[in-house]
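All remarks here apply to the structure that follows.
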Amino acid sequence: MNTTWGRGLLGAVTLGIATLLPAAPPAAPGAFAAVSNASATGYRAIDLGAGFHSSAVAINERGHVAVVSGNRSVLWRDGKIIDLGVLSESLSSVVTDLNDRDEVVGFGTDADIARPFLWRNGRLTALEVLPGGDSTVAFGINNAGQVVGSGTTTARDGPHALIWQAGRPIDLDPSGTWSLARDITNNGWIIGESGGQATVWRRGVPTVLYSGTARAMNERHQVVGYASGSLLWSRGEVTDLGAPEGATAFEAQDVNNRSQVVGNSTIGAVLWQRGAFVKLPLPPGGLPTGSAAFAINDRGQIVGSADILTAEGQETHAVLWTR
C-alpha cells in the first residue's frame, strides 16, 4: 500500500474541506482589484442547517447542494437534508460533486485508504478501483454520469487521473508518474493536472494548457486554476485574476458559463465578475474573514461555508449565497 500518497490524498482533500481554505499561495505583487459593495449585488447568505461543522462543496442547476457535514455526506434539496450514508468498509464519507440529476460522487475513508462512491436514486455504491488499487477518489461527475478522479496502485509512486466508463476505471495517464482529474464537462472534456501542468483530456488525448494547477472547467471550456496567481484560461488566453483589495491572496475554486469565478481570499469568500471582486455577505453571526466559496451555478447561486460565532463557540456552517 502506498501509504505516503494515501495520507497525502486524504490529508489534502479532507483537510482542505474541513478547514475550508488551505494555505493560499501569495498573490502576485501589485495584483489587486477593486471590491464592490456586496449589498449592491443583492446577494444574501443562507445557513443550510447542515450541522455545526459543515461545508457546501457543489451546487447543480436545480439549486441542490452537496455538503460535507462532520464525517458524513449529505444532499441539501429544497430545504431538506438527505444523508447519503457511508460505504460499508468506510468510517466516514466526503462528497465532492453532483450533477443536475442529483447523482453525487465522493469517497469514503478508513484509516489511510480512500474508496470512491456514487450515490444515485437513494443508493450509495462503491466504484471500482484499478487492479491492485490503493486509495482512489472520485472528484467530478457530468450530466451523462461520467465520473473522473484519481487513483493509485501498490506498483506506482503516485496517483493517476481516471475516468469511470460503464462503472470501470480507465487510466488517463498510464505512462505518467503523477496526475489528477478534477472535473468533466457534459461533452466529456476533462480538466486536471499531469506532472505539475494543467492538462485537458479530450477523447483521451491530453493537452497541456499551462504550468500550474487547474480547479474547474465550464461548458465553454474556460478553466480556473493557479500559476503565479489565480487565473482564468480561455481559448489560450490567460487572465490574471489578481486578488481583492485588502487581501494578500485569492484562490479561485469554480467558474460558471457566464465566466463568473468564485473562491477564497484572506478577506473571505468572494465573487469575481467583469474584472472586479465582490465580497460575499455573511450569515448572522458570521466572522469577517471566516468564509469560503467553493462552487457557482449558471443562476449565480454560490455555495461554501462561513465561520459563525454561537453561544457554544465558533462553528463552521454550510452556506448558500443567492439573490
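The values are calculated or read from the model by the stated rules, or taken from the named source; none is laboratory data. Here the structure is a predicted model, which means the values were calculated and not measured. Note that each Cβ is placed from the backbone with ideal geometry, even for glycine, and that neighbours are counted across all protein chains shown. Protein only, heavy atoms only, side chains kept; ligands, DNA and RNA dropped before computing areas. Shrake-Rupley method; radii C 1.70, N 1.55, O 1.52, S 1.80 Å.
Results, tabulated for the structure shown:
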read-out: Gyration tensor verdict on segment 37-152 (Cα atoms; rounded if a/c is under 1.5, prolate if a/b is larger than b/c, oblate otherwise); value: prolate
read-out: Among Val137, Val205, Val262: highest mean-square fluctuation, GNM of the chain, C-alpha pairs under 10 Å; value: Val205
read-out: Total charge dipole magnitude, the chain, about the Cα centre, Cβ charges on Lys, Arg, Asp, Glu only, Debye to nearest 20; value: 660 debye
read-out: Å² of accessible area per residue within segment 89-175, as computed with a 1.4 Å probe and no ligands counted; value: 38 Å²
read-out: 222 nm mean residue ellipticity, helices alone, for the chain (DSSP H n ≥ 4; -39,500 (n - 2.57); rounded to 500); value: -2000 deg cm²/dmol
read-out: Overall form of the chain per C-alpha gyration tensor (a/c, 1.5; a/b vs b/c); value: oblate
read-out: Summed side-chain charge close to Ile184 - residues other than Ile184 whose Cβ falls under 12 Å, Lys, Arg +1, Asp, Glu -1; value: -1
read-out: Segment 81-200: equivalent-ellipsoid semi-axes (sqrt of 5 x gyration tensor eigenvalues, Cα, Å); value: 22, 18, 11
read-out: Dipole of segment 167-263, positive direction: furthest Cα of Val200, Ser230, Ser179, with charges on the beta-carbon; value: Val200
read-out: Heavy-atom SASA rank of Ile82, Ile184 (probe 1.4 Å, accessible area, largest first); value: Ile82, Ile184
read-out: Choice from Ala66, Ala306, Ala144 showing the highest fluctuation, given a GNM over the chain with Cα pairs closer than 10 Å; value: Ala144
read-out: Magnitude of the charge dipole, segment 231-322, Cβ model with Lys/Arg +1 and Asp/Glu -1, debye to 20; value: 340 debye
read-out: Surface share of carbon and sulfur [accessible, 1.4 angstrom probe, percent] for the chain; value: 52 percent
read-out: Most mobile of Ser88, Ser73, Ser135 in a GNM of the chain (Cα contacts under 10 Å); value: Ser88
read-out: Cα gyration tensor category, rounded, prolate or oblate, for segment 187-228 with a/c compared to 1.5; value: oblate
